[in-house]
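Take a look at the structure below.
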Amino acid sequence: MRLITLCLVGLSLLACNQQTPTANNKPEKPHLVEVITAQTKTISIQRQRSGTLTALRKIQIYNQEEGQITALPFYEGDKVTKGDIVAKLDDRLLQAQLARAQATVRKAEKDLLSIKGLSERKLIPQTEITRVETELAVAKADQQALLTRIDYTVMRAPVSGLISERFSEQGNIAERYTHLMTISDQSALITKLDVSELLINKLNVGDKVSMTIDALTELEPLSATISRIFPTLDPITRTGTVEITLNPVPHGAKPGQLARVILRTQEQARLLIPFAALRRSGDGDYVFIVDAQQHAQIRPVVTGLKIGDAIEILDGIKDGEQVITRGYTNLNKDKAVTVVTPFSKQTASQL
């Protein structure tokens, strides 16, 4: 009887083992990923940069002679036209010196005429003629130098514009090379922007840009032009300088105002993927792709510009390849994956 009981217990245990699966026999949970198909699209790049408006030209007026200021007729904000007299100095001493030089010239001319007559009759040597001719040339040079110095006492506007700075008053004594005033040529306004090295090579002189001025919120965006691209880059920030010209200047626009410029490159074919799909390691940038056997593979890539929420891929991915954008947890090379596209809320907790 005891033997029969032991046999029944053994058979019961064997049946239980056959009905209860072990943990090792449990089916593996699929690794779900979301993907996008890499495609090349023709787009332009748009960037906004801020800058300060400045006048097209700022001409600083200095006196080249010293003396008392006898006229300084314009003040800050006054308009001047090219050729207008903007400052005059007392030139009485120079005029007196000029009169003396002119008298010396006349005397030398008479002496030379008289000596030439004597020379024709062989009454004086040729060296005497040479001496008088030299005296005449020196007197004329002195006369011309004084005429130039007198001309320096009258300062004229080299360009049309506005008086933006005035540093002295009529009656003051101005030493030589004193900054008297500044003329601002506001026929056009410019601003200089710092632009990334990745973008600056895609811009060209003459390209149109859109500009808004914070102080003139009632105006529609204005059309401006890239007038200059500086040839060197800052080796620390890797940025270059782009000059933007606003012409014509709208009413109310002034130097010193804040301007916002939208730069757009010409349309170009670019392969873009979501920036979130880009992975980084010590060896560089890479992405996960899904191969034909539905396995994850690591693909090193070369990136270009970041455009919105996307990143430009210059090398490493071809059109039509599936790039994984979500589901990176525990993902590694050659791991079997299940593609879920489009991404659904029901699978969110499994990614």
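The table below lists the values:
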| read-out | value |
| --- | --- |
| Only one of Arg264, Arg326 that is surrounded by 15 or more Cβ atoms within 10 Å (Cβ to Cβ), of a type in the set (Lys, Arg) and within 24 Å of the chain's Cα centre (by Cα) | Arg264 |
| Subset tally (residues that are closer than 30 Å to Glu66 by Cα, hydrophobic (A, V, I, L, M, F, W, C) and surrounded by 15 or more Cβ atoms within 10 Å (Cβ to Cβ)) for segment 120-153 | 4 |
| Residue that is nearest to Lys254 (Cα to Cα), among those in segment 148-190 that are among the polar types (S, T, N, Q) and in a strand (DSSP E or B) | Gln186 |
| Positions within segment 68-87 being surrounded by 19 or more Cβ atoms within 10 Å (Cβ to Cβ) and part of a strand (DSSP E or B), in sequence order | Ile69, Val80, Val86, Ala87 |
| Filter result for Ser160 (under 18 Å from Ile85 (Cα atoms), in contact with a Leu (Cβ under 6 Å, 6 or more places away or on another chain) and surrounded by fewer than 18 Cβ atoms within 10 Å (Cβ to Cβ)) | no |
| Selected residue (only one of Ala137, Ala101, Ala55, Ala96 is in contact (Cβ under 8 Å) with a residue 12 or more places away in the chain and assigned to a helix (DSSP H, G or I)) | Ala101 |
| So Ala253, is it in contact with a Leu (Cβ under 7 Å, 6 or more places away or on another chain) and part of a strand (DSSP E or B) | no |
| Test: residue in segment 204-215 that is modelled with pLDDT of 90 or more, more than 24 Å from Ala253 (Cβ to Cβ) and among the aliphatic types (A, V, I, L, M) | no |
| Matching residues, segment 204-240, being over 17 Å from Thr265 (Cβ atoms), touching a residue at least 40 places away in the same chain (Cβ under 8 Å) and part of a strand (DSSP E or B) | Thr212, Ile213 |
| Only one of Arg260, Arg264, Arg238 that is in contact with a helix residue (DSSP H, G or I) (Cβ under 6 Å, 6 or more places away or on another chain) and closer than 23 Å to Ile307 by Cα | Arg238 |
| Meets criteria (exposed (fewer than 12 other Cβ atoms within 10 Å of the Cβ) and modelled with pLDDT of 90 or more) for Asp309 | no |
| Residue list for segment 57-101, restricted to those being polar (S, T, N, Q) and within 37 Å of the chain's Cα centre (by Cα) | Gln60, Asn63, Gln64, Thr81 |
| Residue count for segment 274-319, restricted to those that are over 25 Å from Pro30 (Cα atoms) and β-branched (Val, Ile, Thr) | 7 |
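The values are calculated or read from the model by the stated rules, or taken from the named source; none is laboratory data. From a predicted model like this one, the values you see are computed outputs, not experimental measurements. In this analysis, Cβ positions are derived from the backbone assuming ideal geometry, glycine residues included, and neighbour counts consider all displayed protein chains.
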